[in-house]
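S.K.: Mind looking over this structure? Questions follow.
All of the numbers you see were taken from the coordinates with simple rules; none came from a lab. This is a predicted model, so every value here is computed, not measured. Cβ coordinates were reconstructed from backbone atoms using ideal geometry, including for glycine residues, and neighbour counts include every protein chain displayed.
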Amino acid sequence: MDYLQGLLNLIEPKDLILIGYNILKAIGILILSRLVYKFLSLVIDQVFKDRFNLNEHFKVEHRRVETLSKLLKSLLSYIMYFIAVITILDIFEVPVASVLAGAGILGLAVGFGAQNLVKDIITGFFIIFEDLYAVGEWIKIGEKFGMVEEIGLKTTKIRAWTGEVFMIPNGNIEQVTNYNRGSMRSVVEIGIAYEEDIDNAVRVIEKACGKVAEEMQDIIDEKPNVVGVTALADSSVNIRVTGTTKGLNHWALERKLRQRIKEEFDREGVEIPYPRRVVINGGQMEK
């Protein structure tokens, strides 16, 4: 206490007034920075509300909006407090240029060591902002195919249908195939024997397609139909059937088409080629 009292005695009254005035200015700058941050946060919330929640064309999941708004608010807070600290240092006549130069050198050193991290975060931001894919959608990234379980600013987690979880750094994502946006096309190739009548086989297949269209009408966008003969293979004449479905239901449609076409072939006596073995025994041929 005596040391503090002696120090105060050395300071002239006008200096005390100046210090008090500078402290009040610093407090005022902090309060102003907080108010500006609050105002800009409200602006961010309003912008996201207007763009994403009210416009169906840019509609994004609520979770994505929350992620983006929190990220922008976090960046805004860092910027506002950085400006406030620099201004306060300048008020107290601290050499700001030297501080900024030191911070720049430190930031440069950290930047070289964290290039991949920065790349992951920037890429993750644009993935979320542009809505390339969402949780629950099936996507393919490189050779990895699965359902999106989690989207972060640094990594994306997808789970394969066999159960494996792939954790992919966002910075490594160069091309994405999304299987949940719009209709998906089912393609089924059916092979018939060369001895069969093609027109009759097409009629039977169309009959099967009609049954499937009735059974799965809730998921079908375009009714399955016969495209025609697509190949004259070594042991079969291949006929293609196509149709479109909502979302990932194209696999279910393909399975049902194969089942119903096989049943109709059996009913109508249309032969599907399969490997056979011929044994010649003593001049007699056995199959």
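S.K.: Using only the alpha-carbon atoms of region 132-241 as identical scatterers, what base-10 log of I(q)/I(0) does the Debye formula give at q = 0.12, 0.15, 0.22 Å⁻¹?
M.R.: -0.64, -0.78, -1.05
S.K.: What ranking do Ile79, Ile280 get, fewest neighbouring Cβ atoms within 10 angstrom at the top?
M.R.: Details: Ile79 13, Ile280 8.
So the residues, fewest neighbours to most, are Ile280, Ile79.
S.K.: Which links in Lys144/Lys246; Lys38/Lys73; Lys73/Lys157; Lys223/Lys256; Lys223/Lys246 stretch past 20 Å when you go from one Cα to the other? The partial results should precede the final answer.
M.R.: Values: Lys144/Lys246 23 Å; Lys38/Lys73 9 Å; Lys73/Lys157 25 Å; Lys223/Lys256 13 Å; Lys223/Lys246 12 Å.
The answer is Lys144/Lys246; Lys73/Lys157.
S.K.: Next question, about the same structure. Would you kindly derive the ³J(HN,Hα) couplings of region 214-228 from the backbone phi angles with the Karplus curve 6.51 cos²θ - 1.76 cosθ + 1.60 (θ = phi - 60°), listing them in order in whole Hz, with x for Gly and Pro?
M.R.: Values, residue by residue: 6, 6, 10, 5, 6, 10, 8, 8, 10, 4, x, 8, 7, 6, x Hz.
S.K.: Once amide H atoms are built 1.01 Å from N in the peptide plane, which residues 5 or more positions from Gly191, or in another chain, come under 5 Å H to H?
M.R.: Amide H neighbours of Gly191, under 5 Å, 5+ apart: Ile239.
S.K.: Give, in whole angstrom and from largest to smallest, the semi-axes √(5λ) of the equivalent ellipsoid of region 132-178, with λ running over the eigenvalues of the Cα gyration tensor.
M.R.: Over the Cα atoms of region 132-178, the semi-axes work out to 14, 11, 10 Å.
S.K.: Going by amide H atoms built from the backbone, whose H comes under 5 Å of the H on Thr155, apart from near neighbours?
M.R.: Asn170
S.K.: Over its Cα atoms, what ratio of radius of gyration to 2.2 N^0.38 Å does region 183-268 give? Show your work: numbers first, answer last.
M.R.: Numbers: Rg = 12.5 Å, N = 86, 2.2 N^0.38 = 12.0 Å.
Expressed relative to 2.2 N^0.38 Å, the Cα Rg reads 1.05.
S.K.: Additional query: So if I take the centroid of the Cα atoms in region 225-239 and the same for region 140-173, what is the distance between those two points in Å?
M.R.: Centre-to-centre distance over Cα atoms comes out at 37 Å.
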